[in-house]
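The values are calculated or read from the model by the stated rules, or taken from the named source; none is laboratory data. Quick caveat, the model's predicted, so the values are computed rather than measured. Glycine also receives a Cβ, built like all others from the backbone with ideal geometry; neighbour counts cover every protein chain displayed.
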Amino acid sequence: MKADGKIGIGQAIMVMMLSIGITNHVTLIPLLLSKAGRDAWLSVIFGMIPFCVWAYALYFINSRIGQQSLSHWLLLRSGKAVRFLLLIPIMLCLYMMALVNLVDTQTWTTVNYLPQTPEWVTALALMILCVLASYGGIASVGITSGILLPIVSLLGMFVAFGNVPKKDYSQLLPLFQNGIAPTVHAMVFVGGGFTELFLLLLLQHHVRKPLRLIHYIVMIAITLVLTLSPLTGAIAEFGPVESMRQRFPAFEQWRLLTIGKDIENMEFFSIFQWLSGSFIRITLCLLLLGELLVLKTKKQRKYVMLALGASMIVLTSLPYNDMQFVTFLSKIYYPLYLLVMVAVTLVLFLLSLRKPTGLEDVSHDP
């Protein structure tokens, strides 16, 4: 790997796969099942269609940015005021992405294998690792993703193919027993998952070569598979009724996995998968937040990362229950996240249609 502080396109895709994979496997699937039931997998396919167009808009914006950072490009293209108005919602989304994943990880850990450990201890341990990793920069995140993703992918294929004898895909049918409305409503959650590809715009100036349209198409396809595979697997293994009742359907699929008659209880492998994705996701969000805040010194960066991590620990310690958290995700977080990302993308698209100024043509990202 070149010592230029950047990552390759392959590494960027691996970082995105771990980051998006954890939320589409963990956070998104129970919401889709609770809203659309048996038809949840159709909402994913239908939702992909408009977001292919959205992904092309991202590519168009990316091509106009020209591997500058988004913050620097906005400053040259629109001035400080517009940049501020656009970066604030983006930073809030990044913060919430990390926070939601931290809460989900904390809950899952407590419920499944550390019931006697205080929840704040789990959150603190993970956050310390993420804050320390964010000091290392994007190159460290890219290298770590290159190590973790092959193992995570192999484990995913292991559980998917290992449970084939227990799957009955006929349970995916019949369709639209409750009408088409639940499927359409679930597409809001699908959109919230797909729009996380916006991270590519924030990441692209760290990539050595420009991202092309094919890379966005690949990421759309990967996101589709990462969502459909555990979703259809849950319905085929547990049925639409039982899968709707489960809080973490992807984890429950590990509980079914056996090798022969004597080897079972292999769900500990899911701990590696989950923590790998959470670690990369939270670290990436912290790193990008630090960039968008335009911190000038390493000392400032350290203090801000610590403050961001500490604030998340405090928020995860607030008195709330899991049902309230799930309601927040379905009623507020995903609908609002989708709205913000689409609106920001539209504004950036309109800005990218303007002719570049002479200053912008000769400027380089500092």
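Of the residues that make up region 1-18, is at least one touching a strand residue (DSSP E or B) at 6+ places or on another chain (Cβ under 6 Å) and closer than 21 Å to Tyr95 by Cα?
yes
Out of the residues in region 254-283 that are out of contact with any Ser or Thr (no Cβ under 7 Å at 6 or more places or on another chain) and either of a type in the set (Asp, Glu) or under 20 Å from Leu173 (Cα atoms) (or both), which is modelled with the highest pLDDT?
Glu267
Look through region 280-309, keep the residues that are of a type in the set (Gly, Ala, Ser) and in contact (Cβ under 8 Å) with a residue 24 or more places away in the chain, and return whichever of them is surrounded by the fewest Cβ atoms within 10 Å (Cβ to Cβ).
That would be Gly290.
Determine, yes or no, whether Leu175 is within 20 Å of the chain's Cα centre (by Cα) and not in a helix (DSSP H, G or I). Explain how you work it out, then say what you get.
Details: within 20 Å of the chain's Cα centre (by Cα): no; not in a helix (DSSP H, G or I): yes.
Considered against the rule, which asks whether it is within 20 Å of the chain's Cα centre (by Cα) and not in a helix (DSSP H, G or I), Leu175 comes out as no.
Which helices (runs of 4 or more DSSP H) sit wholly inside region 1-111 and have at least 3 residues that are over 27 Å from Leu175 (Cα atoms)? Quick ask: steps written out before the conclusion?
Details: elements: 9-22, 28-36, 40-65, 70-78.
Per the criteria, 9-22, 40-65, 70-78.
Of all residues in region 152-180, which are surrounded by 11 or more Cβ atoms within 10 Å (Cβ to Cβ) and of a type in the set (Gly, Ala, Ser)?
Ser153, Gly156, Ala160, Gly162
I'm trying to understand the selection: among the residues of region 269-308, which are in contact with a Cys (Cβ under 7 Å, 6 or more places away or on another chain) and not polar (S, T, N, Q)?
From region 269-308, those in contact with a Cys (Cβ under 7 Å, 6 or more places away or on another chain) are 279, 282-283, 286; that's our starting set.
Matches in region 269-308: Phe279, Ile282, Leu286.
Would you please list the contacts, defined by Cβ atoms under 8 Å and residues six or more apart or on different chains, that run from a residue in region 147-165 that is within 17 Å of Leu231 (Cα to Cα) to a residue that is assigned to a helix (DSSP H, G or I) and among the small types (Gly, Ala, Ser)?
Leu155/Ser270; Gly156/Ser229; Val159/Ser270; Ala160/Ser229; Ala160/Gly233; Asn163/Gly233
Residues in region 100-119 that are surrounded by 14 or more Cβ atoms within 10 Å (Cβ to Cβ) and either in contact with a Lys or Arg (Cβ under 6 Å, 6 or more places away or on another chain) or of a type outside the set (Val, Ile, Thr) (or both): how many?
Within region 100-119, residues that are surrounded by 14 or more Cβ atoms within 10 Å (Cβ to Cβ) and either in contact with a Lys or Arg (Cβ under 6 Å, 6 or more places away or on another chain) or of a type outside the set (Val, Ile, Thr) (or both) number 8.
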